[in-house]
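Here, each number is a calculation from the coordinates, and none is a lab measurement. The structure presented is a predicted model; accordingly, all values stated were derived computationally and were not measured. With ideal geometry, Cβ positions are generated from the backbone for all residues, glycine too; neighbour counts draw on all protein chains shown.
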Amino acid sequence: MVYTTRMKLLLILLALLVSGAILGSAGCQSAGTMTSPVPVPNTTSTSTTAPIQTSTMPIPTPATATVPGVSFVKDIQTVFSGKCTACHNNSSRLGGLSLEPGSAYNNLVNAKSSESELNRVTAGSPDKSYLLNKVLGTQGQAGGSGLQMPSAGPRLPQDQINLIQQWISEGAPDN
Ligand code: HEC
């Protein structure tokens with residue numbers, strides 16, 4: 001509670017400094033603004049603003065990092081082990097692909113598909129990731145072939161497809 005009230009005050013202070021409406025050139029220069037052609041005679045009360053201002057800078061940044069990241073091991077490998085490894089395992093690598101723990105990541109990320117020009121997963125680019133086309137059923141439009149995956153059983157629930165897409169968008173980390 002104290003923290004947020006203080007933060008609001010600091011943000012208001014920062015806004016005032018950026019607008020340059022009130023404080024003199026000394027305050028503006030410490031804020032990092034390049035030019036301050038305000039011909040205001042300097043007052044003696046600006047010296048206290050400089051240390052407060054530097055402390056406001058890191059505060060807004062953590063507020064933007066609220067999106068929870070997808071875990072490959074917890075979120076993605078779990079789907080593979082439940083619905084894919086009956087066919088995509090280290091001994092019967094259907095489609096040339098093993099999705100077993102320990103193999104799946106290297107078989108997917110920046111690895112060439114055997115039935116399309118695309119990589120199976122292109123880190124950071126869901127639209128260039130054939131794996132996503134295979135679970136969506138758009139493999140034909142992606143220049144590929146074969147069946148929608150999993151080829152036995154119902155298609156993946158949308159939330160699991162979304163997780164795969166988000167994981168790829170986040171750079172397909174091995175986490
Ligand atoms: C019943 C067996 C079976 C299951 C279950 C299965 N697959 Fe497949 N998969 C295949 C076969 C066979 C192929 C190759 C022919 C084709 O694409 O239809 C293939 C191909 C693929 C390919 C293309 C590989 C490449 O090199 O381009 C991907 C990606 C894939 N599967 C992902 C999955 C995923 C993800 C799951 C689980 C959600 C899954 N598969 C479940 C049999 C299966």
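Here the label points at Val73 and Asp127, each 7 Å from Cα along the C-beta direction, are separated by 3.4 nm in the simple model. Amide H contacts for Asn119 (H built 1.01 Å from N in the peptide plane; partners 5 or more residues away or on another chain; cut-off under 5 Å): Ser113, Tyr130. Quick one: net charge around Gly82, please, counting Lys, Arg +1 and Asp, Glu -1 for every other residue with C-beta under 13 Å from its C-beta. That sum, taken over residues with Cβ under 13 Å, equals 0. Within the shell of other residues whose beta carbon sits under 13 angstrom from the beta carbon of Leu132, the net charge comes to +3, with Lys and Arg scored +1 and Asp and Glu -1. If you take all other residues with their beta carbon under 15 Å from the beta carbon of Ile164, and give Lys and Arg +1 and Asp and Glu -1, the sum is +1. Were the residues from Ser145 through Ser169 laid out at 0.36 nm apart, the gain over their Cα-Cα distance would be 6.3 nm. Extension gain for Ala152-Thr138 works out to 3.4 nm (0.36 nm per residue, less the C-alpha to C-alpha distance).
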